1. Looking at region 40-57 only, could you name the residues that are among the hydrophobic types (A, V, I, L, M, F, W, C) and surrounded by fewer than 17 Cβ atoms within 10 Å (Cβ to Cβ)?
2. Do we find a residue being at pLDDT 95 or above and of a type in the set (A, V, I, L, M) anywhere in region 36-52?
3. Filter region 73-104 for residues that are under 18 Å from S138 (Cβ atoms) and not in a helix (DSSP H, G or I); which is nearest to the chain's Cα centre (by Cα)?
4. Kindly indicate whether any position in region 1-13 is within 24 Å of Q150 (Cα to Cα), modelled with pLDDT under 90 and buried (at least 19 other Cβ atoms within 10 Å of the Cβ).
5. Of all residues in region 72-98, which are hydroxyl-bearing (S, T, Y) and surrounded by fewer than 16 Cβ atoms within 10 Å (Cβ to Cβ)?
6. So, Y129, is that one touching a helix residue (DSSP H, G or I) at 6+ places or on another chain (Cβ under 8 Å), modelled with pLDDT of 95 or more and part of a helix (DSSP H, G or I) or not?
Amino acid sequence: MAPDKETFWGLMNLHDVFLNASLLRKNMINSPIINDAREFDTSDRERFERMWIASLYVLVEAWNSLAMKGVREYIASKVDIQPVSSILAQGYKDGSLKKMGQTRHYMFHRDKRKYWDIGRSSPWDQLEYHERLHMTFSTVFLSVFREIEQEDR
């Protein structure tokens, strides 16, 4: 069954946040890696990485929000969302999501954060988790849209 209007637009809202993160990830991947440690932190690649993580964290916030409860339930009625629940649980347990939150706050609250705030360095050694989180959301969104498309046929 196709989603009602409110659920549909909620799903599109979540997907839009994901697409923002995807765009930033693509730009990060396409930016050269700077081998000079003194310049890496200010490189385009590192800036895109922090922006990607911040946007990915906004997706996590939206996914977990009370406003998206019906959307999560709709998605769960179509596809398995356990992989998202599992990777989020892991991130809460090991502190990866807390670090992502620090990066988000650092990137978007410069009025309250200093240059060498913990959010600036929080992404270090976290790329594997961020990639798995991103790809897990990607799989869920692709799967739910495929299910909706199949139903429309």
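1. Filtering region 40-57 down to residues among the hydrophobic types (A, V, I, L, M, F, W, C) leaves 40, 48, 51-54, 56.
F40 - this is the single residue of region 40-57 that is among the hydrophobic types (A, V, I, L, M, F, W, C) and surrounded by fewer than 17 Cβ atoms within 10 Å (Cβ to Cβ).
2. Looking for residues that are at pLDDT 95 or above and of a type in the set (A, V, I, L, M), one finds none in region 36-52, hence no.
3. I81
4. yes
5. Taking region 72-98 as the starting set, the residues that turn out to be hydroxyl-bearing (S, T, Y) are 74, 77, 85-86, 92, 96.
Residues satisfying the conditions are S77, S85, S86, Y92.
6. yes
The values are calculated or read from the model by the stated rules, or taken from the named source; none is laboratory data. If you're wondering where the values come from, they're calculated on a predicted model, not measured in any experiment. All Cβ positions, glycine included, derive from the backbone under ideal geometry; neighbour counts span all protein chains shown.
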